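Since the structure comes first, as structure tokens, the remarks are kept for the end.
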Amino acid sequence: MWVRRGEVFAVHAAGNGPGVHGLWPQALALGYRVAVRPSRREPLTAHRLVCALRRAGFRAEDAVYLPTDHAGADEIIRAADLAMVYGGQEVVDKYADDPAVIVNGPGRSKIVITADRDWRDYLDVIVDSIANHGGMACVNTTAVLYEGDPAALARAIAARLAAIEPLPTDDERATLPTQPVEKARALANLLAAEAVGSTPLLGADRVVAELGDGYAALRPALHLMAEPDTDQLNLELPFPCVWVSGWSRHDGVQPLRHSLVVTAITGDEALIDDLVAEPTVGNVYCGHHPTWWHAPHVPHDGFLADALMRNKGFIRD
């Protein structure tokens, strides 16, 4: 039999996009009651969804909307049978030893291109992987690794990213994320400190584009590396920020580890097999598929039901 591991499922939601609220309703279908703590940055989607579920016939106790501070969120997580949280590496570390908490941390998604493929044929896919969703999602590309000299590829990507116009959030044409100016500057300063040793094609000094209302749009950043440095390759920031590096067969899958998605632009079946076999790589897409691609039948860091349900033996006369 396939049975629930508990009765109450808590969600500490992220605020980088509404897509996170497409996942937890699956728990309702499995018979859980769900308590949602929304992000203070984007509390509206969760509220709308809970209201819609109640209008559709769910009981008030089936889906509960609980806006609160971080201390309150911790209490909700402790009180639930199982929980799902989103956040950076500090959140991953906080819950690493708690089997009742499903952690959605940095995606660190990547693209690898081997010498048997012409990167020019895939430039649209590469740029889309970096910049779609404002570059804020865990499935946005953080690093592009190329078998050969990556300089021309990096320049081509940089030219496309530099053309994205910084606009206010309420402008329908806006595609870049915005932050309060001080937070935007802090992100740019962090990038500048972490990028030491790389070559900035779109550097930290141009990231902050003040909009005149106390907010700034975050322009894309791109840094070129001669060879993969895993600390830099895995630095994920909440805007289109990408590291472009050379890669060799000798490097293998090591620089590609700890990635939610790897898009492999290659005809090398052995490399594809190695990526599929690598435990720290979530999904592997081959060819013209951006790292943010998704479909209902394809798991996103596994299916939620994998964590919420278990098999139980049952027999009777």
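The values are calculated or read from the model by the stated rules, or taken from the named source; none is laboratory data. Predicted model only: the values in this text are computed from it and were never measured. Using ideal geometry, Cβ is built from the backbone for each residue, glycine included, and neighbour counts are taken over all protein chains shown.
The table for this structure:
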{"item": "Residue tally, condition part of a helix (DSSP H, G or I) and either touching an Asp or Glu at 6+ places or on another chain (Cβ under 6 Å) or closer than 27 Å to Gly105 by Cβ (or both), over region 128-153", "result": "8"}
{"item": "Residue in region 286-305 that is crowded, with 20+ Cβ neighbours inside 10 Å, at pLDDT 95 or above, more than 30 Å from Val196 (Cβ to Cβ) and not assigned by TED's automatic domain parsing to the domain that holds Ala162 present", "result": "no"}
{"item": "So Leu260, is it within 19 Å of Asn140 (Cα to Cα) and out of contact with any helix residue (DSSP H, G or I) (no Cβ under 9 Å at 6 or more places or on another chain)", "result": "yes"}
{"item": "Number of the exception - Gly246 against (1) in contact with a strand residue (DSSP E or B) (Cβ under 6 Å, 6 or more places away or on another chain); (2) closer than 18 Å to Asp231 by Cβ", "result": "(1)"}
{"item": "Answer residue from region 50-74, given it is surrounded by 14 or more Cβ atoms within 10 Å (Cβ to Cβ) and acidic (Asp, Glu) and is farthest from Gly105 (Cα to Cα) among those", "result": "Asp62"}
{"item": "Sole exception among (1) under 21 Å from the mean Cα position of the chain (by Cα); (2) at pLDDT 95 or above; (3) of a type in the set (Val, Ile, Thr) for Ile102, by number", "result": "(2)"}
{"item": "Test: residue in region 70-83 that is hydrophobic (A, V, I, L, M, F, W, C), within 16 Å of the chain's Cα centre (by Cα) and at pLDDT 95 or above", "result": "no"}
{"item": "Matching entry among Gly246, Gly282 (being surrounded by 13 or more Cβ atoms within 10 Å (Cβ to Cβ), in contact with an Asp or Glu (Cβ under 6 Å, 6 or more places away or on another chain) and more than 20 Å from Cys138 (Cβ to Cβ))", "result": "Gly246"}
{"item": "Filter result for the condition that a residue is assigned by TED's automatic domain parsing to the domain that holds Tyr32 and among the hydrophobic types (A, V, I, L, M, F, W, C), over Ala79, Ala115, Ala143, Ala151", "result": "Ala79"}
{"item": "Pair list, Cβ < 7 Å and 6+ apart or interchain, from region 243-259 residues that are over 20 Å from Arg155 (Cα atoms) to residues that are among the hydroxyl-bearing types (Ser, Thr, Tyr) and modelled with pLDDT of 95 or more", "result": "Arg257/Thr280; His258/Thr280; Ser259/Ser109"}
{"item": "Residue selected from region 160-177 under the condition crowded, with 16+ Cβ neighbours inside 10 Å and either of a type outside the set (A, V, I, L, M, F, W, C) or under 22 Å from the mean Cα position of the chain (by Cα) (or both), by the criterion farthest from Val208 (Cα to Cα)", "result": "Arg160"}
{"item": "Hits in region 47-63 (condition: among the hydrophobic types (A, V, I, L, M, F, W, C) and under 24 Å from Arg5 (Cα atoms))", "result": "Val50, Leu53, Phe58, Ala60, Ala63"}
{"item": "Residue ranges of strands (runs of 3 or more DSSP E) in region 2-116 with at least 1 members among the hydroxyl-bearing types (Ser, Thr, Tyr)", "result": "63-65, 82-86, 109-113"}
{"item": "Close pairs (9 angstrom Cβ cut-off, 6 or more residues apart or separate chains): within 18 Å of Arg41 (Cα to Cα) in region 163-180, polar (S, T, N, Q) and part of a loop (DSSP other than H, G, I, E, B) anywhere", "result": "Pro177/Asn16; Pro177/Thr169; Thr178/Thr169"}
{"item": "Single condition Thr169 does not satisfy, out of (1) modelled with pLDDT under 95; (2) out of contact with any Ser or Thr (no Cβ under 7 Å at 6 or more places or on another chain); (3) not in a helix (DSSP H, G or I)", "result": "(2)"}
{"item": "Selection from region 300-315 of residues that are over 21 Å from Val8 (Cα atoms) and touching a residue at least 40 places away in the same chain (Cβ under 8 Å)", "result": "His300, Asp301, Gly313, Phe314"}
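Let's see how each residue does on (1) assigned to a strand (DSSP E or B); (2) within 23 Å of Asn234 (Cβ to Cβ):
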{"site": "Lys183", "(1), (2)": "no, yes"}
{"site": "Ala186", "(1), (2)": "no, yes"}
{"site": "Leu191", "(1), (2)": "no, yes"}
{"site": "Pro200", "(1), (2)": "yes, yes"}
{"site": "Asp213", "(1), (2)": "no, no"}
{"site": "Ala216", "(1), (2)": "yes, no"}
